[in-house]
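The structure appears right after this line, and notes come after that.
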Amino acid sequence: MAKEPVAVVGIGQTKHVAARHDVSIAGLVREAAARALADAELTWADIDAVVIGKAPDFFEGVMMPELYLADALGAVGKPMLRVHTAGSVGGSTALVAANLVAARVHRTVLTLAFEKQSESNAMWGLSLPVPFQQPLLAGAGGFFAPHVRAYMRRTGAPDAIGSLVAYKDRRNALKNPYAHLHEHDITLEKVRASPMLWDPIRYSETCPSSDGACAMVLTDRAGADRAPRPAAWVHGGAMRSEPTLFAGKDFVSPRAGSDCAADVYRQAGITDPRRQIDAVEMYVPFSWYEPMWLENLGFAAEGEGWKLTEAGVTELGGDLPVNPSGGVLSTNPIGASGMIRFAEAALQVRGEAGEHQVDGARRALGHAYGGGAQFFAMWLVGAEPPAG
Amino acid sequence: MSSAAPPEQLKAPLVVEFPFTRSLGPVQSAFLTGLRERTVLGVRTGSGRILVPPVEYDPETAAELTELVRVEPTGTVTTWAWNPEPRTGQPLATPFAWVLVRLDGADTALLHALDAPGPDAVRTGMRVRVRWAAERTGAITDIACFEPSGEGARDVEPAPHTGEFDRPVTGIVAEARLDYTYSPGRAQTRYLHGLAERRTIGERCPSCAKVYVPPRGACPTCGVATTDRVEVGPRGTVTTYCIVNIKAKNLDIEVPYVYAHIALDGAGLALHGRIGGIPYDQVRMGLRVEPVWSEDGRYPDHYRPTGEPDADYDTYKELL
């Protein structure tokens, strides 16, 4: 029996900010979930199951969100699952929810992810003082910067590429009312003049620390027929993992990432991603990851990703817009960031992205990764139901 | 080198503690501020039940709850367990009973401590009352504990309450602490014993022949135990790096400094270290380096240039 087609019929986000002191974590997730239900014109009673994801426990100290948040998410008396895959968690959470619908286990599933970075310190959570181990010497960006330098060496990319990505994403964020950073006076010169924190990464090329939540309502074909607004249809979804460290690991283009993309494209019948995909929401925590992922995800040949960025192909008006929402560079509640990518891809093919809508977007890719390039999760969504 | 006998197991305490902050939202803010003012608040659900402590969302209907009520500081024990050896941070330092108390006017019970001389003095159904802390800040500890009360049960209708107080408490600090005993395991212990002699000893995968440094006892690619011990280095090659310009907390290193991936000669993957003995802006990929040990350090303090010609990119491009 073929899988049940899965439709995204409701999407909700909070306005992402540095600190939401006015709400509890329950109040924060509730806000996103209520907006997703309102978008789908459904009530709590219409939801059959809840699938939730969040950042690693030490990032904010909430160890059992599925327990604490059941009341706020209307999950009492229903199945509630928690997914746990580091920074990619928002993507893998959505995929677990989608698979429950595809397998006809549940008809309508609420999925959401959140983080209140203001209530803790992610860097602390990543640098516990494990005895006998050499402490991490470089801070948050120090983990990523050597990989960026490796990419530059491998491809000969000019130094200016990173600032082009940051300038683009921050301008895109101005068109997204939910984005955290709204830098109205941003200029390319300001990005290039910002302090060099972890050479070759500048301050303006790093992601912010945000409080926020994102929720989606996923449903079956019958649910999509009743939906008040256009659905986004899941054409393919996959997850891959690999160790954080092993001999032969390629941090610039991890195999788990390219394998994951290839699986998604095979499911969706994509043979030429550059031509067949209209918009991409990819997880770019530091600006140089845009050209790196363009290659890893098959949008450019090895060594050529930066040329797309440099030529303006990835701008909102380019022929392969990347992160029209402003991306992780503009909004980063870590636990939710992957789901925001998935949700923004769905908004594009629904034609509901507002000012940052990519004209005529029919197919979009949502991409998430995390855990030191250990986990990858992606989905491809389309404006039409999948064939067959 | 063959596999050595298992060395003595290393152990050390690992304390994970952090002062997580919590924004309370309207309901928890009213509840905790109320405690500061010797007022216990509950919330009325859609079906009319009074929940104490109050919650923000109705467990039955998921509706947002806003109707706060004041309940009595007296109540009835619904169940209990004796705690003969209180730990640090628990409500009382002397043996006490953990109790669930249904306050007069409430339909649900609150978990707290009951100050009683012994388990024989505690029973389900006994009447108790709040003993308020002398200094109250807007926290659950504003109830110091419960104590036995001679009064009978009271059937009271809880009074509506706005939940408004002067100087509301809007956030709390939730100190979290986990105490572990950490043991690094046999492979890392062998590695650490080598480092104590200023030797870097990896372990080779019998299947793919890659040498893991630090060793973890198994090859993550092949899924087999790494058996042969192989000394690597001491010299190595900087494969990639960054220049750190911002001072990290808890690190006593002057910025800027270079944080590098270093492939020790013979190792199958790079480890991380600081580069010294050369101006930071002269470090480059391919630079040949050697460890510099401090007197008491378990690890090299940093690596410095050996003066050899730079390594060719092709020799280390798989080790970035």
Problem - Viscosity 1.002 mPa s, temperature 20 °C, Stokes-Einstein D of region A:78-134 from Kirkwood C-alpha radius, µm²/s - result: 154
Completion exercise
hull vol. (C-alpha, convex hull) per residue for chain B, Å³ -> 242
Completion exercise
Computed on Cα atoms, the radius of gyration and Dmax of region B:233-320 in angstrom are 12.6, 37
Fill in the blank from the handout: The value for region B:1-93 (convex hull of the alpha-carbon atoms, volume per residue, Å³) is 284
Fill in the blank from the handout: Projected onto the charge dipole of the protein assembly as shown (unit charges on the beta-carbon of Lys, Arg, Asp and Glu, signs +1, +1, -1, -1), the Cα from B:Leu65, A:Val234, A:Gly327 with the largest positive-side position is that of A:Val234
Completion exercise
Within the under-14-Å Cβ sphere about B:Glu151, not counting B:Glu151, Lys/Arg +1 and Asp/Glu -1 give a net charge of -1
Problem - region B:120-237 - Rg and Dmax from Cα coordinates, angstrom - result: 30.9, 81
Completion exercise
Whole-percent tail of the Cα-Cα distance distribution for region A:1-109, cut at 19 Å, equals 47
Practice task
Please state the charge dipole magnitude for the protein assembly as shown, taken about the Cα centre, from unit charges on C-beta atoms (+1 on K and R, -1 on D and E), reported in debye and rounded to the nearest 20.
Solution key: 860
Practice task
With +1 on each Lys and Arg Cβ and -1 on each Asp and Glu Cβ, and nothing else charged, work out how big the dipole of region B:25-169 is about its Cα centre, in Debye to the nearest 20.
Solution key: 320
Completion exercise
Taking the square root of 5λ for each eigenvalue of the C-alpha gyration tensor of region B:183-254, the equivalent ellipsoid has semi-axes, largest first and in whole angstrom, of 27, 16, 13
Exercise for the section: Calculate the radius of gyration of the Cα atoms of region A:61-178 to one decimal place, then report Dmax, the largest Cα-Cα distance, as a whole number, both in Å. Expected result: 19.9, 57
Problem - Stokes-Einstein D for chain A, Kirkwood Rh over Cα pairs, 10 °C, 1.306 mPa s (µm²/s) - result: 78
Practice task
Would you kindly state how much longer the chain becomes between B:Leu14 and B:Glu175 on full extension, computed as 0.36 nm times their sequence separation minus their alpha carbon distance, in nm to one decimal?
Solution key: 56.3 nm
Handout entry: Average silhouette area of the protein assembly as shown, convex hull of alpha-carbon atoms, in square nanometres
Key = 35.4
Problem - Approximate spin-label separation B:Thr66-A:Trp124, in nm, with each point projected 7 Å along Cα-to-Cβ - result: 3.5
Handout entry: Distance in nm between pseudo-label sites at A:Gln276 and B:Ala159 (7 Å out along the Cβ direction from Cα)
Key = 7.1
Exercise for the section: Over the alpha-carbon set of region B:25-169, work out the extent along each principal axis and list the three values in angstrom, largest first. Expected result: 42, 30, 26
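Readers should treat all values here as calculations from the given coordinates under stated rules, not as data from a laboratory. Nothing here was measured: the structure is a model prediction, and the numbers come from that model. Note that each Cβ is placed from the backbone with ideal geometry, even for glycine, and that neighbours are counted across all protein chains shown.
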